[in-house]
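The values are calculated or read from the model by the stated rules, or taken from the named source; none is laboratory data. Source: prediction; values computed, not measured. All Cβ positions, glycine included, derive from the backbone under ideal geometry; neighbour counts span all protein chains shown.
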């Protein structure tokens, strides 16, 4: 249930977010983890929405006066940062707010600006507004406004205004930009966990380890808490990837494999992700989730490669239609079931980003590019 706080241990809390059934109508509050060691409290992501905010406040109040309060954002996407301003209300002698440095920029933190840029990049290959399989009339009208008004005031300016309307569902937005500190300003070190080596930063008395991710987004980190062997992976295992242009599919798979190796080595007893419907607390469940996420993605890549090897020079829409018809592979039904409106992005957008990172060529005029996959 949204906002439900579960005590995983005496000093460890998990607050449940929610993936809505229709992401065009409601935000997608991420899950939250809270940990305190002595009088040092750590909040991992602040999510969004008043329900999540109230639950975070209740848990923090229970901890009482603090020596230090540390907020860590796994990345700067809107669903992870809207309640960041809680940091300014906490009773703590010192406060810190860490984000990977690449996430601290006006462009990244301005969600309408960020997504206007992402959609403008996609428009080089196809019209992203045509890729949504629900609310087609609404998106066709948005495309009309983008093109008609874009002639007068500029396409990106219109896109930004459209996204500003869409992101009102996340209000109130208290991202607390002024308290953000680049975690790279701290001394970094190489950390080996379960045979896997990470670039990392240790906080407090080494009770919290922040691991460099740069996978789902180029400002992504993960958080590992040795006392409870809990690994907080944010959106790393979000099934439809690479989601946007700054997602790195190779890095995502690499980090998933590293998390899997850590689990097999007995270093992960609890896995908390950004949007799962529960916190995983058994080695078997964690291994199965990570293995399935990796295997499904590799199978999905293989399907895309097969499609373009059979028919060269397909548009994103044509690739999507061929994908839908491929009933042999179980992952097809899974990915179609997950796409918009269940998740914010369209599957076609993910396909275009995937193909580009697989090395596919895109040829033709803007918005009508055709994709080719060279042999080998």
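Taken across segment 301-320, residues that are farther than 22 Å from residue 125 by Cα, assigned to a helix (DSSP H, G or I) and modelled with pLDDT of 95 or more do not occur at all.
Of all residues in segment 130-181, those that are assigned to a loop (DSSP other than H, G, I, E, B), farther than 30 Å from residue 324 by Cα and over 22 Å from the mean Cα position of the chain (by Cα) total 1. Scanning segment 184-198 for residues that are within 22 Å of the chain's Cα centre (by Cα) and either surrounded by fewer than 15 Cβ atoms within 10 Å (Cβ to Cβ) or closer than 12 Å to residue 99 by Cα (or both) gives a single hit, 184.
Scanning segment 282-297 for residues that are free of Cβ contacts under 8 Å to residues at least 40 places away in the same chain and either within 22 Å of residue 353 (Cβ to Cβ) or assigned to a helix (DSSP H, G or I) (or both) yields 283, 284, 285, 286, 287, 288, 291, 292, 295.
Screening 107, 181 for residues that are out of contact with any helix residue (DSSP H, G or I) (no Cβ under 6 Å at 6 or more places or on another chain) and either farther than 30 Å from residue 361 by Cβ or surrounded by fewer than 21 Cβ atoms within 10 Å (Cβ to Cβ) (or both) leaves exactly one candidate, 181. Of the listed requirements (1) within 30 Å of residue 365 (Cα to Cα); (2) under 24 Å from the mean Cα position of the chain (by Cα); (3) crowded, with 20+ Cβ neighbours inside 10 Å, residue 301 misses just one: (3). Report, by residue number, each residue of segment 243-260 that is surrounded by fewer than 24 Cβ atoms within 10 Å (Cβ to Cβ) and either within 29 Å of residue 13 (Cβ to Cβ) or at pLDDT 95 or above (or both). Once the filter is applied, which keeps residues that are surrounded by fewer than 24 Cβ atoms within 10 Å (Cβ to Cβ) and either within 29 Å of residue 13 (Cβ to Cβ) or at pLDDT 95 or above (or both), segment 243-260 yields 243, 247, 248, 249, 250, 251, 253, 254, 256, 257, 258, 260.
Conditions (1) touching a residue at least 12 places away in the same chain (Cβ under 8 Å); (2) out of contact with any strand residue (DSSP E or B) (no Cβ under 7 Å at 6 or more places or on another chain); (3) more than 24 Å from residue 247 (Cα to Cα); (4) not in a loop (DSSP other than H, G, I, E, B), marked per residue:
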{"site": "184", "(1), (2), (3), (4)": "yes, yes, no, yes"}
{"site": "201", "(1), (2), (3), (4)": "yes, no, no, yes"}
{"site": "214", "(1), (2), (3), (4)": "yes, yes, no, no"}
{"site": "219", "(1), (2), (3), (4)": "yes, no, no, no"}
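For residue 4, are the conditions met, namely being in contact with a helix residue (DSSP H, G or I) (Cβ under 8 Å, 6 or more places away or on another chain) and surrounded by fewer than 17 Cβ atoms within 10 Å (Cβ to Cβ)? It is true that residue 4 is in contact with a helix residue (DSSP H, G or I) (Cβ under 8 Å, 6 or more places away or on another chain) and surrounded by fewer than 17 Cβ atoms within 10 Å (Cβ to Cβ).
In the set 88, 124, only one residue is at pLDDT 95 or above, under 25 Å from residue 61 (Cα atoms) and over 17 Å from the mean Cα position of the chain (by Cα); that residue is 88. Tallying residues that are under 26 Å from residue 75 (Cα atoms), in contact with a helix residue (DSSP H, G or I) (Cβ under 6 Å, 6 or more places away or on another chain) and either crowded, with 19+ Cβ neighbours inside 10 Å or in contact (Cβ under 8 Å) with a residue 40 or more places away in the chain (or both) within segment 115-128 yields 5.
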